[in-house]
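Reading through the structure tokens given below for one structure.
The values are calculated or read from the model by the stated rules, or taken from the named source; none is laboratory data. Since the model is a prediction, treat every value here as computed from it, not as a measurement. Using ideal geometry, Cβ is built from the backbone for each residue, glycine included, and neighbour counts are taken over all protein chains shown.
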Amino acid sequence: MAPAQHPEDFLPLHPFELRILLVLAEGAAHGYPIIKAIEERDGSWKRVLPGNLYRRLRDMCARGLVEEVDAPVSAPDDERQRRTYALTELGRRIAVAEARRLDALVADAKRVLGEV
């Protein structure tokens, strides 16, 4: 049996990886919907390059944060042929741990700098 992995061992996450995890927390998706969701949610992401997304997804799969899954049977044929990704339980725990870490960082910044 593989040793248990602790979410804190993966922190800090790259901001792009956290964005991907947050999109997949809402449900499995293939690349284009992931790109569009990231671009719509965060105006600082001017354009997500597909090559960058798929490189990150490959690396995140290798680390167990996301996994490739079959597209829903109800999906159109062209979507069922695309790679679809889903958040793993480890990925969800890591996203929660990163959100808590960032929340503590912002709280410290507010304490030191005043309301920002």
- Message: I'd like to verify a number: residues in segment 10-50 that are at pLDDT 95 or above and acidic (D, E), how many?
- Response: 2
- Item | Hits in segment 38-60 - residues which are in contact (Cβ under 8 Å) with a residue 12 or more places away in the chain, over 11 Å from the mean Cα position of the chain (by Cα) and closer than 16 Å to A86 by Cβ | Y54
- Note on the structure: When every residue in segment 22-56 that is within 21 Å of D70 (Cβ to Cβ) and of a type in the set (G, A, S) is compared, the one surrounded by the most Cβ atoms within 10 Å (Cβ to Cβ) is A29
- Filter segment 71-107 for residues that are modelled with pLDDT of 95 or more and among the acidic types (D, E); the one that is surrounded by the fewest Cβ atoms within 10 Å (Cβ to Cβ) is E89
